[in-house]
1. Could you list, in sequence order, the residues of region 111-139 that are surrounded by fewer than 24 Cβ atoms within 10 Å (Cβ to Cβ) and under 13 Å from Gly98 (Cβ atoms)?
2. Being within 15 Å of the chain's Cα centre (by Cα) and in contact (Cβ under 8 Å) with a residue 24 or more places away in the chain is the filter here; which residues of region 73-90 pass it?
3. Among (1) surrounded by fewer than 24 Cβ atoms within 10 Å (Cβ to Cβ); (2) farther than 22 Å from Arg214 by Cβ; (3) among the β-branched types (Val, Ile, Thr), which single condition is Val152 missing?
4. Taking the stated definitions as given, is Leu45 buried (at least 18 other Cβ atoms within 10 Å of the Cβ) and closer than 15 Å to Cys173 by Cβ?
5. Which residues, taken from region 203-222, are over 21 Å from the mean Cα position of the chain (by Cα) and either of a type outside the set (A, V, I, L, M, F, W, C) or assigned to a strand (DSSP E or B) (or both)?
6. If Val152 satisfies every condition in (1) over 22 Å from Asn103 (Cα atoms); (2) not in a loop (DSSP other than H, G, I, E, B); (3) not hydroxyl-bearing (Ser, Thr, Tyr) but one, which is the exception?
7. Here is a list of conditions, (1) of a type outside the set (S, T, N, Q); (2) at pLDDT below 95; (3) more than 24 Å from Cys107 (Cα to Cα), and Gly74 meets all of them except one; can you say which number that is?
8. Could you tell me how many of the residues in region 12-35 are surrounded by 16 or more Cβ atoms within 10 Å (Cβ to Cβ) and not in a loop (DSSP other than H, G, I, E, B)?
Amino acid sequence: MLKALRSSVDAHLVIANGENAAGGLGITRPTALALFDAGIDVITLGNHTFAKRDVAAYLDEEPRILRPANYPPGVPGRGWGVFTSSTGKRVYVASLMGRTFMNPIDCPFRMADGIIDEIAGDSRVLIVDIHAEATSEKVALGWYLDGRASAVVGTHTHVQTSDERMLPNGTACITDAGMTGVHESVLGMDVKSVMERFKTQVMGKFTLAEGPARLQGVVVEVDTQTGRATSIERLDISE
């Protein structure tokens, strides 16, 4: 659906969280290449970044994939980068991960400060993916970066929220962009396999759901002269 959608909304850069691309958990070189082929320009990741053991070397090789920047120093890959849109504009993209109800990790707020300090002086468009469980943490980061980031977009919960808004100083934000995948499912997984775990508390392997898919996300329009967003709109499109 993405190639037609990209044309219809006149998208200049497409960013997608791809941490569940490889069979529902993690990412691999083949699945990343499939996402790029589908029309995605930048892939962000999250707490399942290293679910596939052989991905570490690929993260060092591929600058279009961003794992959370607030992983400890020395972790393979990169957490932010600068990319060129289809109109030739420079766009900074950063991946961050929350700490509330998540694995221990460095502070995303301080890491955001460090990234912004490093690119200071550049008239910039900065898009931040905050991969976090707690809605409060994602909303707080939006306010913290208001006027310093063009958009703060939440991921991780797989459920699109209806709280998209423009903050006073020009930052567009939403708590969660939603999920692209089979929606007759439990977060993309087969309903029966998930129900069985809840009923028995016995750990078993989830299987991917099958059926028609939906594409969810947001379209953010940004003034490239100021780096401030001018609008944010939710997308929810059925196959």
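The values are calculated or read from the model by the stated rules, or taken from the named source; none is laboratory data. This is a predicted model, so every value here is computed, not measured. So basically every Cβ, Gly included, is an ideal-geometry build from the backbone, and we count neighbours across all protein chains shown.
1. The answer is Met111, Glu133, Ala134, Thr135, Ser136, Glu137, Val139.
2. Listed by number, the residues that qualify are Gly79, Trp80, Gly81.
3. Looking at each condition in turn, Val152 falls short on (1).
4. Considered against the rule, which asks whether it is buried (at least 18 other Cβ atoms within 10 Å of the Cβ) and closer than 15 Å to Cys173 by Cβ, Leu45 comes out as no.
5. Gly204, Lys205, Thr207, Glu210, Gly211, Pro212
6. (1)
7. (3)
8. The number of residues fulfilling the criteria is 7.
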